[in-house]
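Read through the structure below, which is laid out as structure tokens, and then see the notes.
The values are calculated or read from the model by the stated rules, or taken from the named source; none is laboratory data. Nothing here was measured: the structure is a model prediction, and the numbers come from that model. Cβ coordinates were reconstructed from backbone atoms using ideal geometry, including for glycine residues, and neighbour counts include every protein chain displayed. The area values use the complete protein model at the heavy-atom level, side chains included, leaving out ligands, DNA and RNA. Shrake-Rupley method; radii C 1.70, N 1.55, O 1.52, S 1.80 Å.
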Amino acid sequence: MSKVIKERKDVDQSLTWDLSAFYSKEEEYNADVEMCKKLTSEIEEGYKGKLYTAENINECLDKLKKLNEVANKAGSYSSLSVSVDYGNRENQERSMKFSNIVSDLFSRLSFIDSELIQADEAVIEEAISNSKENANYLKDIKRDKKHALHPEAERVLAALSSTLGAPYTIYGKTKLTDMNFKSFTVDGEEHPLSFGLFEGEWEFENNTKLRRAAFEAFSSKLREYQNTVAAAYQTQVQKEKTMATLRGFDSVIDSLLFPQKVDRELYNRQIDLIMEKLAPHMRKYAKLLQKIHKIDEMTFMDLKLAVDPDYEPNITVEESKKYIEEALGVLGEDYLEMIKRAYDERWIDFVQNKGKSTGAFCASPYAVHPFILISWTEKMREVFVLAHELGHAGHFHLCGQTQNIFDTRPSLYFIEAPSTMNEMLMANHLMKVNDEPRFKRWVLSSMIGRTYYHNFVTHLLEAAYQREVYNIIDNGGSVQASTLNELKRSVLEKFWGDDVKITEGAELTWMRQPHYYMGLYPYTYSAGLTVATEVSKRIIKEGQPAVDDWREVLKAGGTKTPVELSKMAGVDITTDKPLLDTIEHIGNIIDEIVRLTEEIEG
Ligand SMILES: [Zn+2]
């Protein structure tokens, strides 16, 4: 844990991403920023107060598309430069300057949506039939109309947007700046602790004494800030309730599902079925961990242990290429071509360095190509992380070639389907290439301990808790730290039953996630993975026709609802069946891990 981490300037350049794909010179970036200003002025001067004819509407939206493309390119460039080195002041300043410029430009353009909402229905219809390119944008406007406020009220809310984002900012500052984790001591030896170290390393520590001591030190620091964070969170949910009421929704839950184009039934199904039907399988998995690690009493502090911590193959970036190409190549020639380009043209930032953003992500600027940030640890698990991010890349690369910039982004409900799909394809491939029981068990337990645990347990339990919070708010109540602790504890106890002791400190888990400031996000992880699981099973069973369907789904981008996209892939998410089948699939994998463990130990 005391590894020396390099400065950005000292890392191997060939393993960094090449941002010159955006701009070869700073002047080109500056020219794009000027272009954004120019286009905004043109739109404002040309169309403000004039969006009452179909012709003006479509001309204005065509210009807006152009502006979105340029702003998306310049914005991605400035924020990606920051993400690899937060210590670089020059990049920080460029990025901050750009976001100020852009928020000013787009607030000047808030008249567009307001005028469109006010426009005559027949005119909007005419504009829709005259432009396929703008049709979806305009259909969304029609859909939003019912919940729109008076233009002046919308303008005020837009002007207050950064103030209204304060709960999230306060949460982030508390967690990342104020919580000063001190080192902790076990048997006279001192160990460092931070938020990142706890979630990235200590939770997985094999030594039970160390792992539990880290948990206790971590929890006691969280506890010191519980009232501050609860106050920020109460402000957030109260704001969401007020907005919901203003916009004519009876429930804050409905208002948050509205932009996702998902109804309550789909939302409740994920939470209710997983809480009830997945729990027995996961308890069995917890029991297996308990047995393998010879733990007297299984607790919340022990759930992140690996099935086989001494066994994880190493892998270099160069070696990963073969696995990635073979596993994901089934998605087509052009998909394979994209993967080759990703390596050859340096779309991926693999290195580890000081000040680099943690975790992994994929950014897909519309007019360039995707960029992936990852911190390669030379461990085999990275092939899953990379396959996941390439799933986002493949999605936006394919739909970017098919759709205009208005139509690329699907509902949040669907966002994680293409990425987790690639994790499934990777697992299926790895199961084929090596017959050794220990390797197979490693692959399957990666699926459970990483992929399914993350999406179906961690984030789902957040979702179950979050629904309880919104129910209280919808009924006119409010929440404070003690309420949140009780809710979180009861969700954990319900899921894990008598098989896992929910130790002191576990109730504070609600303080760990930024998701609660992003609406109904947590439940969508399991939704995307349900679709991915079912489609990946179809690919194994049916081959090419299932691949072809999936490719069409990826190309469709944001032009369809989650129900429609799933249907195109042969999955009917209006019924319980896909989720029940996925849960059964998870149960089968856990049974197979138990069986392999007996084989290995026997
Ligand atoms: Zn993802």
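In the range 91-111, is there at least one residue being under 27 Å from the mean Cα position of the chain (by Cα) and within 30 Å of Glu224 (Cβ to Cβ)?
yes
If we scan the range 155-165, do we find a residue that is open to solvent by 40 Å² or more (accessible area, probe 1.4 Å), closer than 30 Å to Gly449 by Cβ, small (Gly, Ala, Ser) and under 30 Å from the mean Cα position of the chain (by Cα)?
No.
In the set Arg409, Arg450, which member is more than 12 Å from the ligand (Cβ to nearest atom), over 25 Å from Leu303 (Cα atoms) and modelled with pLDDT under 95? Walk me through it before giving the result.
Values: Arg450 fails: over 25 Å from Leu303 (Cα atoms).
When all the criteria are applied, what remains is Arg409.
Residues Leu508, Leu520: which one is closer than 14 Å to Ala230 by Cα, modelled with pLDDT of 95 or more and in contact with a helix residue (DSSP H, G or I) (Cβ under 7 Å, 6 or more places away or on another chain)?
Leu508
So which of Lys37, Lys73, Lys65, Lys25 is open to solvent by 60 Å² or more (accessible area, probe 1.4 Å), modelled with pLDDT of 95 or more and in contact with a helix residue (DSSP H, G or I) (Cβ under 8 Å, 6 or more places away or on another chain)?
Lys37
Which members of the range 560-591 meet the condition of being touching a Leu at 6+ places or on another chain (Cβ under 9 Å), surrounded by fewer than 22 Cβ atoms within 10 Å (Cβ to Cβ) and either part of a loop (DSSP other than H, G, I, E, B) or on the phi > 0 side of the Ramachandran plot (or both)?
Answer for the range 560-591, where residues must be touching a Leu at 6+ places or on another chain (Cβ under 9 Å), surrounded by fewer than 22 Cβ atoms within 10 Å (Cβ to Cβ) and either part of a loop (DSSP other than H, G, I, E, B) or on the phi > 0 side of the Ramachandran plot (or both): Thr574, Asp576.
So which residues in the range 58-83 are among the polar types (S, T, N, Q) and closer than 26 Å to Phe361 by Cα?
Selection gives Asn68, Asn72, Ser76, Ser78, Ser79, Ser81, Ser83.
Taking the conditions exactly as written (under 21 Å from Gly391 (Cα atoms), assigned to a helix (DSSP H, G or I) and acidic (Asp, Glu)), does Glu599 satisfy them or not?
Taking the combined requirement at face value, the residue does not satisfy it.
Please go through the range 412-425 and give me each residue that is more than 13 Å from the ligand (Cβ to nearest atom) and either under 19 Å from Tyr335 (Cβ atoms) or in a loop (DSSP other than H, G, I, E, B) (or both), ordered by number.
Passing the criteria: Met424, Leu425.
Can you tell me how many residues within the range 16-55 are of a type in the set (A, V, I, L, M, F, W, C), in contact (Cβ under 8 Å) with a residue 60 or more places away in the chain and farther than 29 Å from Ser375 by Cβ?
Count: 5.
Tell me, yes or no, whether the range 134-157 has at least one residue that is closer than 30 Å to Gln513 by Cβ, of a type in the set (A, V, I, L, M) and modelled with pLDDT under 90.
Within the range 134-157 (the criterion being closer than 30 Å to Gln513 by Cβ, of a type in the set (A, V, I, L, M) and modelled with pLDDT under 90), the answer is yes, since at least one residue qualifies.
So which pairs qualify, if the first residue must be in the range 203-223 and open to solvent by less than 60 Å² (accessible area, probe 1.4 Å), the second must be assigned to a helix (DSSP H, G or I) and of a type in the set (Phe, Trp, Tyr), the Cβ gap must be under 7 Å, and the two must be at least 6 apart or on different chains?
That search, which allows pairs on different chains as well, returns Arg211/Trp202; Ala214/Phe198; Ala214/Trp202; Phe218/Phe198.
Can you find even one residue in the range 182-192 that is aliphatic (A, V, I, L, M) and part of a helix (DSSP H, G or I)?
Looking for residues that are aliphatic (A, V, I, L, M) and part of a helix (DSSP H, G or I), one finds none in the range 182-192, hence no.
Yes/no matrix, rows are residues, columns are (1) within 26 Å of Lys440 (Cβ to Cβ); (2) in contact with a Ser or Thr (Cβ under 9 Å, 6 or more places away or on another chain):
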site	(1), (2)
Val531	yes, yes
Glu534	yes, yes
Gly557	no, yes
Thr561	no, yes
Val571	no, yes
Thr575	no, no
Val594	yes, no
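Just checking, how many residues over the range 358-406 are at positive phi and within 16 Å of the ligand (Cβ to nearest atom)?
Looking only at that region, the number is 1.
What residue, of Asn434, Asn428, is away from the ligand (no atom under 16 Å from the Cβ), open to solvent by 20 Å² or more (accessible area, probe 1.4 Å) and at pLDDT below 95?
Asn434
Restricting to the range 3-27, what's the tally of residues that are β-branched (Val, Ile, Thr) and either outside any loop (DSSP other than H, G, I, E, B) or touching a Ser or Thr at 6+ places or on another chain (Cβ under 7 Å) (or both)? So that I can check it myself, show each step before the final result.
Our first condition is that a residue be β-branched (Val, Ile, Thr); within the range 3-27, this holds for 4-5, 11, 16.
With either outside any loop (DSSP other than H, G, I, E, B) or touching a Ser or Thr at 6+ places or on another chain (Cβ under 7 Å) (or both) added as a condition, the list becomes none.
Result for the range 3-27: 0.
Quick check on Ser445: is it small (Gly, Ala, Ser) and farther than 26 Å from Asp296 by Cβ?
Answer is no for this residue.
So, of the residues in the range 226-242 that are under 20 Å from Pro151 (Cα atoms) and in contact (Cβ under 8 Å) with a residue 40 or more places away in the chain, which turns out to be surrounded by the fewest Cβ atoms within 10 Å (Cβ to Cβ)?
It comes out as Lys239.
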